[in-house]
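The values are calculated or read from the model by the stated rules, or taken from the named source; none is laboratory data. Computed from a predicted model, the values in this text were never measured in an experiment. For neighbour counting, all protein chains shown are included, and Cβ atoms are generated from backbone atoms with ideal geometry for every residue, glycine included. Each accessible area value is taken on the protein alone, full model and side chains, heavy atoms only, with ligands, DNA and RNA left out. Shrake-Rupley method; radii C 1.70, N 1.55, O 1.52, S 1.80 Å.
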Amino acid sequence: MARPEKIRLGDALVQQGVLTDEQLRFALAEQKRSGRKLGRIVVDSGHVTEEVIARALAKQLQAPFVDLKAFKPKPELIKLLPEGQARRFRALILGQRGDVLLVGFADPTDLAAFDDIARIIRRPIELVVVLESQLLALLDTVYSRAEEISGLAKELTADIGEMPVEFGNQAGLSAGAEDAPVVRLLHTVFEEAMKTRASDIHIEPQELALVIRFRIDGVLHVQIESDPKIATALVLRLKLTSGLDISEKRLPQDGRFNIKVRNASVDVRISTMPTQYGESVVMRLLNQSSGILGLDRMMMSAHVLTRLRHAINRPSGMVLVTGPTGSGKTTTLYAALSELNTTEKKVITVEDPVEYRLPGINQVQVHDKIDLSFERVLRSALRQDPDIILVGEMRDQQTAEIGMRAALTGHMVLSTLHTNDALSTPVRLLDMGVPRYMVALSLQMVLAQRLVRVICDNCSQTYSLSANEHEWLRYELGDKIDAHEYRHGRGCAHCGNAGYLGRQGVYEMLEMSQALVEAANHGDPQDFMNIGRQQMAGNTLRRDAVRLVLEGRTTVHEAMRISTQFDE
């Protein structure tokens, strides 16, 4: 295809019956007033969809339209157009036909972009029409910065040279040295982590290499392996940034700092630990710009959501959310807190650290170095006349007892606890030394949760169960197993060929019924467990995971992964 002819988008849409003359006049007037693109105006106004416009343009230009949902990029072709130019022109090389490169354009009417890309690539190109939303999402995936990170690591290695790094004497580590290789390397690592939706960055010195890994959707992925000589420089810079003791290498340290990456404010919690070959660093990333989810968006079953709302809206009592580290407990608590946070109620949180900022509530950061402990802050919080108290974690007997006394004296207390499931939580509190009557009378509900990976919508497809999956699922569904369709992700550019994109919670709920209260008071743990199992039958974590499998949201493999330790 030769260079496309210049067309007027509005005229093309009217000519094909996509827009009326009146709608076009309205859109043109709005374009003159606001300066926005015509296509964006008609989409935002609800007259047409983005895909309808794209297909209309493709028809007018006699160019192919490509749906990028199932597109599998070819790295050797994509690299021909630098990332900066691809983002500037909203374009991506999709394939080739002989010597001609097929280039997808989000705005095929931009002839200047067509000419500039042809000049940059120095090869004949053919225009392909694509959706802008799909293209922008794909650009974040296909332009991995692993090579740039490796290049900066090599630059830092050369900068350090053969001499060992001395604390306080490393060139370029002073504040404001933004062009120093170590600063540019770390900034690029953070940018790549945010682009890939990583929740954690692991910097791990080994004998022969420095390994940097990202945890994405709960799974670790190696990003680069570099010269171990740069490990000390990276750790030193991170310690300086987070205010840690740079001279202390023998003991673990914890800190935090805030950075701005890709126009988003990111709160970074850092933990260092001495290992055989240097200090290992793990950084948890919390995007402050992403906002707080409401309970409606937590994808709970209707039964769990209804009962949870009933529990948290009581005037007093304790609601515990349990699960391992990284299972989304704090996210669930803040989703509940966002519904309870009104001008009529005073809310105080006691956390270490404060992970979310929520306007209208009083948040207190625990600081053990100055003896500002959970116990001390909680005692003071009770003198502040609160209606609702959120305690970040029930870490010890004293904190648990104070929280439960508060629940018994007219306060709603929300907190977390590290237990495997809902049923074992009251027993765990008793093991911590909390008096039996407190557990029986103050605890209203326990919500246990895990996170499962969600199948990528772009590459989701049906598949046949393996023998192992079939047998596991038969335990849950019985003879109904063959009446359902099962899905998985085959892998595509949008999900990094993982087949999964994002995570979602699965939940089980234990409400303290009168029978459970009496069993807790009697002191027979086995009697309590038996009554609890009967009460929770059909409402367990594994059963909720199966619900997501049947809805096509996750795979049987994921349901098995999070359910192996649980029995009905």
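I'd like to know if segment 507-521 contains one or more residues that are surrounded by 19 or more Cβ atoms within 10 Å (Cβ to Cβ) and more than 22 Å from Ser301 (Cβ to Cβ).
Checked segment 507-521: at least one residue is surrounded by 19 or more Cβ atoms within 10 Å (Cβ to Cβ) and more than 22 Å from Ser301 (Cβ to Cβ).
Going through segment 251-270 one residue at a time, which ones are open to solvent by 90 Å² or more (accessible area, probe 1.4 Å) and either out of contact with any strand residue (DSSP E or B) (no Cβ under 9 Å at 6 or more places or on another chain) or basic (Lys, Arg) (or both)?
Lys260, Arg262, Asn263
When you go through (1) without any contact (Cβ under 8 Å) to a residue 24 or more places away in the chain; (2) under 29 Å from Gly505 (Cβ atoms); (3) acidic (Asp, Glu) one by one for Glu248, which number turns out not to apply?
(2)
Quick one: what pairs do we get from segment 54-73, first residue farther than 19 Å from Ser133 by Cβ, second of a type outside the set (A, V, I, L, M) and open to solvent by 40 Å² or more (accessible area, probe 1.4 Å), C-beta under 8 Å, 6+ apart or different chains?
As it stands, the answer is Lys59/Gln16; Gln60/Gln15; Gln60/Gln16; Leu61/Glu5, since those pairs meet every condition given.
Tell me the residue from Thr349, Thr322, Thr343 that is without any contact (Cβ under 8 Å) to a residue 40 or more places away in the chain and more than 20 Å from Leu285 (Cα to Cα), please.
Being without any contact (Cβ under 8 Å) to a residue 40 or more places away in the chain and more than 20 Å from Leu285 (Cα to Cα) holds for just one of Thr349, Thr322, Thr343, which is Thr343.
Give just the number: which of (1) within 18 Å of the chain's Cα centre (by Cα); (2) over 28 Å from Val366 (Cα atoms) does Lys260 not satisfy?
Here Lys260 meets the rest and fails (2).
Scan segment 435-457 for residues that are surrounded by fewer than 22 Cβ atoms within 10 Å (Cβ to Cβ) and part of a loop (DSSP other than H, G, I, E, B) and jot them down.
Once the filter is applied, which keeps residues that are surrounded by fewer than 22 Cβ atoms within 10 Å (Cβ to Cβ) and part of a loop (DSSP other than H, G, I, E, B), segment 435-457 yields Pro435, Asp457.
If you take the residues in segment 281-297 that are modelled with pLDDT under 90 and not hydrophobic (A, V, I, L, M, F, W, C), which one is most open to solvent (accessible area, probe 1.4 Å)?
Arg297
Go through segment 22-39 and report how many residues are in a helix (DSSP H, G or I) and touching a helix residue (DSSP H, G or I) at 6+ places or on another chain (Cβ under 8 Å).
Adding up the residues that qualify gives 9.
Quick test for you: out of Leu337, Leu408, pick the one residue that is aliphatic (A, V, I, L, M), modelled with pLDDT of 90 or more, closer than 24 Å to Arg307 by Cβ and open to solvent by 50 Å² or more (accessible area, probe 1.4 Å).
Step by step, each of Leu337, Leu408 is checked, and only Leu408 is aliphatic (A, V, I, L, M), modelled with pLDDT of 90 or more, closer than 24 Å to Arg307 by Cβ and open to solvent by 50 Å² or more (accessible area, probe 1.4 Å).
Residues to consider are Asp115, Asp159; find the one that is modelled with pLDDT under 75, open to solvent by 30 Å² or more (accessible area, probe 1.4 Å) and more than 30 Å from Asp457 (Cα to Cα).
Asp159
Can you work out which of the residues in segment 356-392 that are open to solvent by 40 Å² or more (accessible area, probe 1.4 Å) and touching a helix residue (DSSP H, G or I) at 6+ places or on another chain (Cβ under 7 Å) is nearest to Asp245 (Cα to Cα)?
In this case the residue turns out to be Val364.
Restricting the search to segment 228-248, which residues are of a type in the set (S, T, N, Q) and open to solvent by less than 40 Å² (accessible area, probe 1.4 Å)?
Across segment 228-248, the qualifying residue is only Ser242.
Filter segment 255-277 down to the residues that are at pLDDT 90 or above, farther than 21 Å from Arg197 by Cα and in contact with a Lys or Arg (Cβ under 9 Å, 6 or more places away or on another chain) and list them by number.
Scanning segment 255-277 gives Thr272, Pro274.
When residues of segment 407-440 are filtered for being of a type in the set (A, V, I, L, M) and over 27 Å from Asp385 (Cα atoms), how many remain?
Result for segment 407-440: 5.
Would segment 474-494 turn up any residue that is in contact with a strand residue (DSSP E or B) (Cβ under 7 Å, 6 or more places away or on another chain) and over 23 Å from Arg561 (Cα atoms)?
Yes; the residues of segment 474-494 include at least one that is in contact with a strand residue (DSSP E or B) (Cβ under 7 Å, 6 or more places away or on another chain) and over 23 Å from Arg561 (Cα atoms).
Name the pairs: first residue in segment 385-409 and under 15 Å from Gln444 (Cα atoms), second residue open to solvent by 10 Å² or more (accessible area, probe 1.4 Å) and of a type in the set (Lys, Arg), Cβ to Cβ under 8 Å, at least 6 apart or on different chains?
Here the result reads Ile388/Lys345; Ile388/Lys346, each pair linking segment 385-409 to a residue that is open to solvent by 10 Å² or more (accessible area, probe 1.4 Å) and of a type in the set (Lys, Arg).
Look through segment 193-208, keep the residues that are open to solvent by 20 Å² or more (accessible area, probe 1.4 Å) and farther than 30 Å from Cys456 by Cβ, and return whichever of them is nearest to the chain's Cα centre (by Cα).
Filtering segment 193-208 for residues that are open to solvent by 20 Å² or more (accessible area, probe 1.4 Å) and farther than 30 Å from Cys456 by Cβ, the one nearest to the chain's Cα centre (by Cα) comes out as Gln206.
Within segment 61-77, does at least one residue satisfy the condition of being open to solvent by 50 Å² or more (accessible area, probe 1.4 Å) and either in contact with a Lys or Arg (Cβ under 8 Å, 6 or more places away or on another chain) or among the aliphatic types (A, V, I, L, M) (or both)?
Scanning segment 61-77 turns up at least one residue that is open to solvent by 50 Å² or more (accessible area, probe 1.4 Å) and either in contact with a Lys or Arg (Cβ under 8 Å, 6 or more places away or on another chain) or among the aliphatic types (A, V, I, L, M) (or both).
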